[in-house]
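Below is one structure, written out as structure tokens, with a few remarks after it.
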Amino acid sequence: MDEETIRSTVAGMLDRAVKALPPDVRSALAECETDGDGIDAVQVRTIMENIRMGEEKGIPMCEDTGVPVFWLRYGKVPISLQDVVSAIKEGLVEAADRAPLRPNSVHPLTRLNHGDNFGHGLPLIHITPIESEQIEIWTLTKGHGSENMSALGMLAPAAGVKGIKEFVLETVVNAGGNPCPPLVLGVGIGGTADTAMALAKKALLRPIDTFNQDPSMAQLEADLRAGLRDIGVGPMGLGGSPTVIGVNVEHANCHPASLPVGVNVQCWADRWAKATFRMDGTVEVLGGDI
Amino acid sequence: MTDEVKRLTTPLSEEEARDLRIGDLVSFTGVVYTLRDQGHLRAMEQEVPVDLKGALVFHCGPLVKETSDGWEVLAAGPTTSIRMEGLEREFIERFRPGALMGKGGMGQRTSEALQEFGAVYLAWTGGAAVLAAEAIRSAEVYWLDLGTPEALWVFHVEDLGPVVVAMDSHGGNLYKEVRDKVERDMPAIRAGLGI
């Protein structure tokens, strides 16, 4: 476990993330592929053809290579936090050149683009301490056509599960074709306004064929997955099916007066990758494979 | 909707644009210009270095690589068009493009401008960026100071498509049809969610 290993692994993760979808997302999309002649079937076939061609040619599947967001889960390890953070940033520099990544950092008012993915507040790295003797680095290269459709609802606690479902439905319907459905939804429930949104994004990194370990949250996931899949917005908002291929819920306890609900809308390109660095020097990487 | 792909060359005449109906599939050979948020703003303020009359304007911020031979366009899918809604009517009125291409559709004011000036809105599958780049033979760029995603790119394309006509010059709007249907189905959708 050293800086060089972390740097090269992060570069490889980002490079892979933009070129190949994680197996859960890829197979969920592939399952929707039919030889039908409806506009929805054509859209899904086009998406799959594009994915395959990107993989084959080693080209990022979408021109919006997103904003790379990182989660650093830092355990009891002999390398300093500062060194890990700097290795992540160096890995991003390498990936930007190798993949390449589109320079997606502009000043919010002047819109000045310096031609890279750095700038005030970027890259965003969420740091969480963990107990084990390892480091985990997760990344999501988040496209912003979908990010723009994300929403926060500060619901009344009495709104309950129905209120949460209503809010998620409303967010998906309002978004229409803008976020590039078929969608994956990350839903963050509880915490504070900011934690609900952070949980919503983090939810997008869990495979969409898994469930939250809390039974009530797992039930909500099952209900939202079943109830939102075929609401008719359809691939690219052009009608038909599917609209939503995945819904993951993450939660935190909250204030008695509050029921924050964050919905992070993710296009079909749910491009995550995760690496675990262990004390014996081994590194395990999950995500898309090319 | 017909399965036959209409092969068009740019620029489009008003007659060609008015001949298209929602659901038609079209492909293009010729020139495509990219303009998104900052490009639209600048086009309304400064002289535009290209002729947009009858042009195919693509809401797109491509992924490019500069090589010794010039610019290589690696991926060039559509960006969300509704962001340009605030300026699009005035843009259409001033420059008279023949077609806009993007994703997600546009609003009522743009729909009215398409009808008034004879133009269409085309839906390129969002994220299908490698497929789009396949049709690009060469590229030039203006306004690079805006950064590569926002610059005005000129793509010389061969058989770009097929792409769906999603809004036409007769008031047809696939997105609106879909939205209206979802709205009508809402009681069943809500029941399905247990609301």
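The values are calculated or read from the model by the stated rules, or taken from the named source; none is laboratory data. Note that the structure is a prediction, hence the values are computed from the model and not measured. Here the Cβ positions follow ideal geometry from the backbone for every residue, glycine too, while neighbour counts run over all protein chains shown. Protein only, heavy atoms only, side chains kept; ligands, DNA and RNA dropped before computing areas. Shrake-Rupley method; radii C 1.70, N 1.55, O 1.52, S 1.80 Å.
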For residue A:21: the one exception among (1) away from chain B (no Cβ under 11 Å); (2) in contact (Cβ under 8 Å) with a residue 60 or more places away in the chain; (3) part of a loop (DSSP other than H, G, I, E, B):
(1)
Got at least one residue in segment A:157-172 being open to solvent by 60 Å² or more (accessible area, probe 1.4 Å) and either under 30 Å from residue B:62 (Cβ atoms) or outside the structural domain of residue A:248 (by TED's automatic domain parsing) (or both)?
no
I'm told residue A:53 meets every condition in (1) surrounded by fewer than 16 Cβ atoms within 10 Å (Cβ to Cβ); (2) free of Cβ contacts under 8 Å to residues at least 40 places away in the same chain; (3) more than 20 Å from residue A:286 (Cβ to Cβ) except one. Can you identify the failing condition by its number?
(1)
Being assigned by TED's automatic domain parsing to the domain that holds residue A:253 and out of contact with any strand residue (DSSP E or B) (no Cβ under 8 Å at 6 or more places or on another chain) is the requirement here; does residue A:90 meet it?
no
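For every residue, the table says whether it meets (1) closer than 30 Å to residue B:185 by Cα; (2) among the basic types (Lys, Arg); (3) surrounded by fewer than 24 Cβ atoms within 10 Å (Cβ to Cβ); (4) more than 15 Å from the chain's Cα centre (by Cα).
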site	(1), (2), (3), (4)
A:209	yes, no, yes, no
A:237	yes, no, no, yes
A:240	yes, no, yes, yes
A:249	yes, no, no, no
A:264	yes, no, no, no
A:270	yes, no, no, no
I want to confirm something. Restricting to segment B:162-187 and keeping residues that are part of a helix (DSSP H, G or I) and open to solvent by less than 70 Å² (accessible area, probe 1.4 Å), which single residue is farthest from the other protein chains (Cβ to nearest Cβ)?
B:180
How about segment B:38-156: which helices (runs of 4 or more DSSP H) wholly inside it have at least 2 residues that are in contact (Cβ under 8 Å) with a residue 24 or more places away in the chain, away from chain A (no Cβ under 14 Å) and of a type outside the set (Asp, Glu)?
B:85-95, B:108-117
Filtering segment B:67-99 down to residues that are of a type outside the set (Val, Ile, Thr) and modelled with pLDDT under 95, which residue is least open to solvent (accessible area, probe 1.4 Å)?
B:70
Can you work out which of the residues in segment A:26-44 that are over 19 Å from the mean Cα position of the chain (by Cα) and surrounded by fewer than 18 Cβ atoms within 10 Å (Cβ to Cβ) is nearest to the other protein chains (Cβ to nearest Cβ)?
A:37
